[in-house]
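Okay, so here's the structure we're looking at.
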């Protein structure tokens, strides 16, 4: 397909590129492979990952194939500010979770998943809410990444979509299966280095192939006033704000991030997160510039599909060598995220399901490793099947996003406030999810008092998001005051206005409603939790594990 | 001036990526040295 519109590799070339990538990655993992792996190392590398590998792994995991396409689409749609509204907020969320991450590590230095911490704090129901949302989120992520592989292979070669899906699935599973998270981190480093090198070359190459900065300057006349405005309200309301709210939830709720948080040496958390923030922002915003350049040259995406923007620009203006590099860039990004998803799911099944709920903190390490590897195989099969048949499960992503949005405040509050109860956690998440659905799918008419009430709840949600950020960096008092002030200001602006932006309204409502429920139900109870219990309950599973970092 | 600003706006990102590339690369070499010195595994 697309022979006359995109550059086409021969079947042999594309298979050679894939064999080079996955074969090289597999060989790399042989450097660390052990006949008998250790369960704690399999899940979090014994909490001993250094700054360089930690930052590389965090960045590579946060970047997936959709990051490039999304940033380019944003640049093409919203103009000058578009790439910033995709990449900047995604980057800031890595930074945002760092202060909370330090708290998580302090409370549970031996944790493998955030669910274990929540289990120690509240018990099984809260833990399993978190674990199930993570499993669902990672399955969707796997499917999306395998789909991206299928699409790329079918666009740039005579191979079929299904062939691309299967090759990515088998390739990722082959190098992750034995050593788990250890393999994921090591290969993330190599994949990120490759991605960065390619991004560093491709962005200026496209610009100069177009005719240099003068062509861009001439292209400014093609932009609408909104697209030419760095502070475009259209871009903020339709791209920046919804994305900001969504990735905040993703950062807190997703095991791929918390797994790295628990794996990095405690004294390296800060530089790791700061470097990953800047690295992610630079790569993703940079590749978003290709979408902006496409807009400035008046290019139309083939078939109106925005996902064609980058392949089209690269095919049109660069030599086959660069197209090959672009191919590696996309395969690297989707593989690094897919292997992280496999590691995340295996850790959840091993620690949250088997370790805590079946073996009751006394697991058999051999059985635990078997469960982890079996999880990877089953998850890959599910991801490949869903992607191969192009099943429309993206609607589930809406629910996962909502669930994670509703989880953010209860999780953070549970780690700082001793009065939050299991009942408060669970009811807050359920209430947030229900109200999200009511708003998102407009189950009640969005008019009059109802719409006004929803907008007020969304304003509370906005205050919660901004207040939590202030709380993370400046402390409880400033966070509380700032969050309250933001909620009041937002209420003034939101009422009568936000009802037209359903996605943003519903997302913010998930935050607002879950926060109100969490606080209200917690205040009804007088019990106080002793945080020192968490460290006692969250343990290492493998007796052969070396001493952890002090 | 507009041409210069636009070029800077596009090219600053690969430049920052290059800096981070170097930072992560150097830090990882250090990680490898420390792991060897302490006789423990890198990951």
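You will find that of A:223, A:177, A:237, A:192, the residue that is surrounded by 18 or more Cβ atoms within 10 Å (Cβ to Cβ) and more than 9 Å from chain B (Cβ to nearest Cβ) is A:177 and no other. Consider the range A:468-503 and keep the residues that are closer than 11 Å to residue A:458 by Cβ and modelled with pLDDT of 95 or more. The one that is surrounded by the fewest Cβ atoms within 10 Å (Cβ to Cβ) is A:491. Residues in the range A:22-77 that are away from chain B (no Cβ under 12 Å), within 18 Å of the chain's Cα centre (by Cα) and under 30 Å from residue A:543 (Cβ atoms): A:61 only.
Among the residues of the range A:360-373, those that are over 14 Å from residue A:341 (Cα atoms) and part of a helix (DSSP H, G or I) comprise A:365, A:366, A:367, A:368, A:369, A:370, A:371.
When residue A:12 is tested against (1) at negative phi; (2) in a helix (DSSP H, G or I); (3) touching a residue at least 24 places away in the same chain (Cβ under 8 Å), exactly one condition is not met: (3). At least 1 residues being over 19 Å from the mean Cα position of the chain (by Cα) and in contact (Cβ under 8 Å) with a residue 12 or more places away in the chain is the threshold, and among the helices (runs of 4 or more DSSP H) wholly inside the range A:193-273 those reaching it are A:213-219, A:225-228.
A single entry from A:369, A:386, A:457 fulfils the requirement of being more than 24 Å from the chain's Cα centre (by Cα), assigned by TED's automatic domain parsing to the domain that holds residue A:169 and touching a residue at least 40 places away in the same chain (Cβ under 8 Å): A:369. Exactly one residue out of A:74, A:57, A:125, A:67 is farther than 29 Å from residue A:328 by Cα and either in contact with a helix residue (DSSP H, G or I) (Cβ under 6 Å, 6 or more places away or on another chain) or crowded, with 24+ Cβ neighbours inside 10 Å (or both), and it is A:125. Restricting the range B:1-31 to residues that are more than 13 Å from the chain's Cα centre (by Cα), surrounded by 14 or more Cβ atoms within 10 Å (Cβ to Cβ) and more than 7 Å from chain A (Cβ to nearest Cβ), the residue that is farthest from residue A:53 (Cα to Cα) is B:9. Any chance the range A:253-260 includes a residue that's closer than 24 Å to residue A:95 by Cα, at pLDDT below 90 and either in contact with a helix residue (DSSP H, G or I) (Cβ under 7 Å, 6 or more places away or on another chain) or in the same structural domain as residue A:284 (by TED's automatic domain parsing) (or both)? Yes - at least one qualifying residue is present in the range A:253-260. Checked against the criterion of being buried (at least 23 other Cβ atoms within 10 Å of the Cβ), outside the structural domain of residue A:137 (by TED's automatic domain parsing), touching a helix residue (DSSP H, G or I) at 6+ places or on another chain (Cβ under 7 Å) and under 30 Å from residue A:528 (Cβ atoms), the candidates A:400, A:429 yield just one match: A:429.
The values are calculated or read from the model by the stated rules, or taken from the named source; none is laboratory data. Computed from a predicted structure; not experimentally measured. Heads up, the Cβs are rebuilt from the backbone with ideal geometry, glycines too, and the neighbour counts pull from every protein chain shown.
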